[in-house]
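**Q** Below: one structure in structure tokens.
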Amino acid sequence: MTALPGATAPAPADAGFVVSLDRYSGPLDLLLHLIRREEIDIWDIPIARIADQFLAVIHVLGLDEAAEYLEMAARLLRIKAQMLLPRRGDEEPWEDPRHELVRRLLEYQQVREIADWLDAAARSRAARFARGFVPPAPDTPPLPPEFSIEELLQAVEHVLAMMPDPIIHRVVARPLDVEGATARILALLGEREAFSWRDLLGPAPSVVDVLSSLVAVLELARRGLLSLRQTRPFTPVVIDRGPAFATA
Amino acid sequence: MDQRSRLLEAALFAAPRPLALDELSVLDPEATDADWLGAVQELREHYDNEGHGVELVEIAGGYQVLTRQAFAEAIERAAFAARPVRLSTAALEVLAIIAYRQPTGRAEIEEIRGVSSAGVLRLLQERGLIEVTGRSEGLGRPLLYATTPQFLEYLGLGDLADLPRSDELSIALTPPPAAGD
């Protein structure tokens, strides 16, 4: 376990995950790096040695927290264990446990080679400049319409006419409650000896006005402050001062 | 140079992007594709042989006039133009896989790279080098990615056929050597 590539990296404690990502683009990259450094034949990887080095490097680089590297470490250890199993007789075909790993390594190495080619192509292209980009001129806005001052004033008037009258504040009549109706009846009785039910309600009473007035009239009649009379059925009801009114 | 080659030069000078052959035909309806190819050839040779600081290149399915590589450093130092930011190794790996297997999904890319690639895919999409072209019929109907015309422009390629063929790569997926080791 000497001369690890990680030895040139910053101190293990500081070798953060992100920094290390720049070194290797993944576990396959790290594995290929180890294989190349050790000048190993990819078709006959000494799996025990490579697995040990892989574990050591990811530990030193602080990569042993990254799931992808741990997964590869586990895979290497499993292959290592499978390699240790005694092989059955030579007549039985032996499936090399390293086969899938080798296939993936070669596939990845090919991708790396293409990636390097792309990088070279991109660098060559980047060193040749096209003409500076000139954005197309924006469409010219349409010319303003021509009109006379009279037409303009007419248009203004038209707009003003369409505007609704501004509502600054709307007074909402408070519905008359029984107390209010009582006060109003007593005030009327103070002025006149008699008045009709219609006079009491005014020109446009609301339902609440009618009900409050009715309750107030009945209550005052009960207390003897007024008396009610009706000459015939369905004729207007007349309200008179009651016997108790003068003393009230 | 004849009149058509000079017209071609003027058009390439004026255009902000590579011009394809069928776009050139709009310039002069009399001229055939062969005429334009002749003009391209003449202009290219003119630039190459008469000592010009620019060259005519075939890029992203069209033609474009670019400065010669030799002057890149001086131009950049003077801040007349800047090179685009280089892509990371991870981004180039993903780009390589998509370029050769397009359309392809994230799962296949991650299977080959052995590492999560969602962030890199997003970055490449933002730079306009790849685009979503559809969804796979597979489980979860994953998105499928393919390269864009900007990919060819970024690399200075005429078309995808300009990528190295697998037999030109040193590591082709060949079967292991015959038994005996």
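The values are calculated or read from the model by the stated rules, or taken from the named source; none is laboratory data. Only a predicted model underlies this, so the values are computations on that prediction, with no experimental measurement involved. Cβ sites come from the backbone with ideal geometry, for glycine too, and all protein chains shown count toward neighbours.
**Q** Those residues that are of a type in the set (A, V, I, L, M, F, W, C), in contact with a helix residue (DSSP H, G or I) (Cβ under 8 Å, 6 or more places away or on another chain), free of Cβ contacts under 8 Å to residues at least 40 places away in the same chain and farther than 19 Å from A:Arg125 by Cα, I need them from the range B:64-114; list them, please.
**A** Scanning the range B:64-114 gives B:Ala90, B:Val94, B:Ile97, B:Ile109, B:Ile112.
**Q** Oh, and also: Test A:Gln110 against the criterion of being at pLDDT 85 or above, surrounded by 11 or more Cβ atoms within 10 Å (Cβ to Cβ) and in the same structural domain as A:Leu76 (by TED's automatic domain parsing), and give yes or no.
**A** Answer is yes for this residue.
**Q** Just for the range B:25-81: of the residues that are within 14 Å of chain A (Cβ to nearest Cβ) and among the hydroxyl-bearing types (Ser, Thr, Tyr), which one is farthest from B:Gln150 (Cα to Cα)?
**A** Among them, the one singled out is B:Tyr47.
**Q** Also: Give the range B:128-145 a look and list any residue that's free of Cβ contacts under 8 Å to residues at least 24 places away in the same chain and either among the hydroxyl-bearing types (Ser, Thr, Tyr) or surrounded by 12 or more Cβ atoms within 10 Å (Cβ to Cβ) (or both), or say none.
**A** The answer is B:Gly128, B:Glu131, B:Val132, B:Arg135.
**Q** Output the number of the condition that A:Glu68 fails; it satisfies all remaining conditions of (1) in contact with a helix residue (DSSP H, G or I) (Cβ under 6 Å, 6 or more places away or on another chain); (2) at pLDDT 80 or above; (3) farther than 21 Å from B:Arg113 by Cα.
**A** (3)
**Q** In the list B:Thr148, B:Thr133, B:Thr104, which residue meets the criterion of being closer than 26 Å to A:Leu106 by Cα and either facing chain A (nearest Cβ under 9 Å) or among the hydroxyl-bearing types (Ser, Thr, Tyr) (or both)?
**A** B:Thr104
**Q** Do you know which of the residues in the range A:31-46 that are surrounded by 16 or more Cβ atoms within 10 Å (Cβ to Cβ) and at the interface with chain B (Cβ under 10 Å from one of its Cβ atoms) is modelled with the highest pLDDT?
**A** Going through the qualifying residues, I end up with A:Leu31.
**Q** Same structure, new question: Consider B:Val65 carefully, then state whether it is in contact with a Gly (Cβ under 8 Å, 6 or more places away or on another chain) and either among the aromatic types (Phe, Trp, Tyr) or assigned by TED's automatic domain parsing to the domain that holds B:Ala14 (or both).
**A** For B:Val65, the condition - in contact with a Gly (Cβ under 8 Å, 6 or more places away or on another chain) and either among the aromatic types (Phe, Trp, Tyr) or assigned by TED's automatic domain parsing to the domain that holds B:Ala14 (or both) - is not met.
**Q** I'd like to check which helices (runs of 4 or more DSSP H) are fully inside the range A:104-223 and have at least 1 residues that are in contact (Cβ under 8 Å) with a residue 40 or more places away in the chain and away from chain B (no Cβ under 14 Å).
**A** A:178-191, A:197-201, A:207-222
**Q** Is it the case that some residue within the range B:109-120 is over 15 Å from the mean Cα position of the chain (by Cα), under 17 Å from A:Gln110 (Cα atoms), more than 8 Å from every other protein chain (Cβ to nearest Cβ) and surrounded by 15 or more Cβ atoms within 10 Å (Cβ to Cβ)?
**A** Yes, the range B:109-120 contains a residue that is over 15 Å from the mean Cα position of the chain (by Cα), under 17 Å from A:Gln110 (Cα atoms), more than 8 Å from every other protein chain (Cβ to nearest Cβ) and surrounded by 15 or more Cβ atoms within 10 Å (Cβ to Cβ).
**Q** Something else: Does the range B:12-35 hold any residues that are within 14 Å of B:Val57 (Cα to Cα), surrounded by 14 or more Cβ atoms within 10 Å (Cβ to Cβ) and in contact with a Leu (Cβ under 8 Å, 6 or more places away or on another chain), and which are they?
**A** Listed by number, the residues that qualify are B:Leu12, B:Leu19.
**Q** I'd like the full set of residues that are under 15 Å from A:Ala183 (Cα atoms) and either in contact with a strand residue (DSSP E or B) (Cβ under 9 Å, 6 or more places away or on another chain) or outside the structural domain of A:Ala183 (by TED's automatic domain parsing) (or both), limited to the range A:207-242.
**A** Hits for the range A:207-242 are A:Val217, A:Leu218, A:Leu220, A:Ala221, A:Leu225, A:Leu226, A:Ile239, A:Arg241.
**Q** Take the conditions among the basic types (Lys, Arg) and more than 13 Å from every other protein chain (Cβ to nearest Cβ) and apply them to B:Arg141. Does it pass?
**A** Yes: the conditions hold for B:Arg141.
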